[in-house]
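Here the structure is laid out as structure tokens; the discussion comes afterwards.
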Amino acid sequence: TSILFPIIVIFGIYVILNGHLSPGGGFSGGAIMGAGLILDGRLYSGTNDMAGEVGHIRLADSGPEGYGKKGSFEGFCSGGGIKRLGEMMIEKARLDGTESILFSETEITAKTIAIAARGGDALAKSIYDTCAERLGMALSILIDILNPEAIVIGSIYSRSNDLFDGIINDVINKEALS
């Protein structure tokens, strides 16, 4: 059996990130973060079909909204969440008089923010730093609960790992039991 979507490998448990298994067994990705657990090769759904919905973990009292919950894992770390965090931080930066190339963007997306961050824009870098901190926090929670042997993440992380890695590793080293 081949796995064709991003996974976190955890001692034979697979957590699917950045997409949902559809009722027909397919996979649909997008700007949201979905999750599921596969135990012993089978989808584990839990008592009410909500097992493994890590995107709904609240990481802060406030922040970008993901699936109706402000400050959630999905709110901070999905492509749509990075966009919403960017919009929030851009608005604040404008009010504070901060300069940013992002002010001239016609459409703010996780991709446009990443491009600006790689180009040296301090605000864009700060947006990704915030996402990286929250991703590190969320992974630390999963590490503490599931004690994984390895973690493999795809989607937004695989396209922007250069903007995430150092901070994620620092947070995990500080927060997770190992």
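Observations on the structure shown:
- Region 153-178 residues that are farther than 24 Å from Gly119 by Cβ and part of a helix (DSSP H, G or I), paired with ones that are open to solvent by 30 Å² or more (accessible area, probe 1.4 Å) and among the small types (Gly, Ala, Ser) (beta carbon under 9 Å, 6 or more apart): Ile172/Ser178
- One residue stands out in region 106-134 among those that are under 17 Å from Phe73 (Cα atoms) and among the acidic types (Asp, Glu): the one that is least open to solvent (accessible area, probe 1.4 Å), namely Asp129.
- Residue check, Leu142 of a type outside the set (Asp, Glu) and touching a helix residue (DSSP H, G or I) at 6+ places or on another chain (Cβ under 7 Å): yes
- Of residues in region 43-70 being within 19 Å of Ile127 (Cβ to Cβ) and hydrophobic (A, V, I, L, M, F, W, C), the one surrounded by the fewest Cβ atoms within 10 Å (Cβ to Cβ): Ala60
- So Leu102, is it touching a Ser or Thr at 6+ places or on another chain (Cβ under 6 Å), in a helix (DSSP H, G or I) and without any contact (Cβ under 8 Å) to a residue 60 or more places away in the chain: no
- All positions within region 71-84 that are crowded, with 24+ Cβ neighbours inside 10 Å and in a helix (DSSP H, G or I): Phe73, Glu74, Gly75, Phe76, Cys77, Gly81, Ile82
The values are calculated or read from the model by the stated rules, or taken from the named source; none is laboratory data. Computed from a predicted model, the values in this text were never measured in an experiment. In this analysis, Cβ positions are derived from the backbone assuming ideal geometry, glycine residues included, and neighbour counts consider all displayed protein chains. Accessible surface is based on the protein model in full, side chains and every heavy atom, while ligands, DNA and RNA are left aside. Shrake-Rupley method; radii C 1.70, N 1.55, O 1.52, S 1.80 Å.
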